[in-house]
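Below is one structure; the comments refer to it alone.
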Amino acid sequence: MNGPEVLDIGREGFFVLIKMLTPVMVVGLGVGLIVALFQALTQIQEMTLVFVPKILAIFITLMLVLPFMGQALATYMNQIMALVIQGQG
């Protein structure tokens, strides 16, 4: 296995990681912005107010996208194992 093949495997790994983390990060960002806007409008400056809604939203998102995340990771692992079986790894 030469350098470009290793870089292709690494690049694919990063794409799988980004695909898996994007929904969770977007929901966390969205909930954080909504709570921050609510705090700014009501002038409630409680620092812990952000954590509970964000944790709940991220937990619900993880439960919804966990099958997708598992499928993406399993597909990547099958590709890696196919390369190992072929003797290229």
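Evaluate the following for Leu41: is it without any contact (Cβ under 8 Å) to a residue 60 or more places away in the chain and under 30 Å from Ile9 (Cβ atoms)?
It is false that Leu41 is without any contact (Cβ under 8 Å) to a residue 60 or more places away in the chain and under 30 Å from Ile9 (Cβ atoms).
Out of Val50, Val65, which single residue is surrounded by 12 or more Cβ atoms within 10 Å (Cβ to Cβ), at pLDDT below 95 and in a helix (DSSP H, G or I)?
Val50
From the set of residues in the stretch 76-89 that are touching a residue at least 12 places away in the same chain (Cβ under 8 Å) and of a type outside the set (A, V, I, L, M), which is surrounded by the fewest Cβ atoms within 10 Å (Cβ to Cβ)?
So the residue we want is Gln88.
Looking at Val24, Val6 in this structure, which one is modelled with pLDDT of 90 or more and either more than 19 Å from the chain's Cα centre (by Cα) or not charged (D, E, K, R) (or both)?
Testing whether each residue is modelled with pLDDT of 90 or more and either more than 19 Å from the chain's Cα centre (by Cα) or not charged (D, E, K, R) (or both) leaves just Val24.
The values are calculated or read from the model by the stated rules, or taken from the named source; none is laboratory data. Quantities reported herein were computed from a predicted structural model and do not represent experimental measurements. Every residue, glycine as well, gets a Cβ built from its backbone with ideal geometry; the counts of neighbours run over all protein chains shown.
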